[in-house]
Amino acid sequence: MQKKILLILALFIASLTNAQVVTSKKEAIKKGIYEKPSEKVSQQPALAVNTPQKNISKPVVQKPAAKPVAKKKKIVIDDSGDEDLIVDGSDNYLTTQMINNAMTFLGVNYRGGGTTVAGMDCSGMVTAVFNIFGLKLPRSSHEMAKVGEKLRQDEIKKGDLVFFRTLGGGISHVGMVVDIIGDEIKFIHSSTQKGVIISSTKEPYYQRTFVQANRVIM
């Protein structure tokens, strides 16, 4: 009986020895229970990670709409409404426009030495008209009479200058011809009494004081 008890104790002690925890690689190799870790690499394909892409495209900048280019307007002078002046086919364009501009001064007061709508004398009115078109004339009627081509009375046309001797000496007055009716010459000028008006060589005063006519616009 005693032998059986000793045998049981020996087996119990042996089982306790085999159940000890293995704490090192050497000990595991010694006990014959060491296994190498698996060297197999997972054959599963790597999964691609879908990261949201940033929108790197540049914002579309709208260019301001181009401003429409204004077309240059042609200036057309309409003479159809002018009842005081009858223009026929023999009148050249420059002459017609100069007469039209002279007519705009009708009613301007007389002022000695003046050349504006605030007041003008006879040579000042003629000078003002010619200046509009970049044409220069002497300032006095006496000097104007020396410019251009001197005409016979039957050669006078619209736009010509007519000169008068109103002070009893040399030429002292000038006007611009605006119309011719037969042997009557109508001219625009600035008179000392009435300012800028249209007169006629048929009037006794101007018929008596008329001296000559010159053509400055060729």
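Among the residues of the range 118-128, is any at pLDDT 95 or above, of a type outside the set (Lys, Arg) and surrounded by fewer than 17 Cβ atoms within 10 Å (Cβ to Cβ)? Lay out the reasoning, then the answer.
Within the range 118-128, the first condition is being at pLDDT 95 or above, and the residues that meet it are 118-128.
After this cut, where a residue has to be of a type outside the set (Lys, Arg) as well, the list is 118-128.
Still in the running and surrounded by fewer than 17 Cβ atoms within 10 Å (Cβ to Cβ): 118.
Looking for residues that are at pLDDT 95 or above, of a type outside the set (Lys, Arg) and surrounded by fewer than 17 Cβ atoms within 10 Å (Cβ to Cβ), one finds at least one in the range 118-128, hence yes.
How many residues does the range 114-133 contain that are of a type outside the set (Asp, Glu), within 17 Å of Gln193 (Cβ to Cβ) and not in a helix (DSSP H, G or I)?
3
In the range 118-153, which residues are charged (D, E, K, R) and in contact (Cβ under 8 Å) with a residue 24 or more places away in the chain? Break it down stepwise before answering.
Residues of the range 118-153 that are charged (D, E, K, R), as a first pass: 121, 136, 139, 143, 146, 149-150, 152.
Selection gives Asp121, Glu149, Lys150.
Of (1) surrounded by 17 or more Cβ atoms within 10 Å (Cβ to Cβ); (2) at positive phi, Gly182 satisfies all except one. Which?
(1)
Return yes or no: is Leu106 within 15 Å of Ile217 (Cα to Cα) and surrounded by 12 or more Cβ atoms within 10 Å (Cβ to Cβ)?
Working: within 15 Å of Ile217 (Cα to Cα): no; surrounded by 12 or more Cβ atoms within 10 Å (Cβ to Cβ): yes.
In short, no.
The values are calculated or read from the model by the stated rules, or taken from the named source; none is laboratory data. Note that this is a predicted model, so its numbers are computed, not measured. Here the Cβ is made from the backbone with ideal geometry for all residues, glycine too, and neighbour counts use every protein chain on show.
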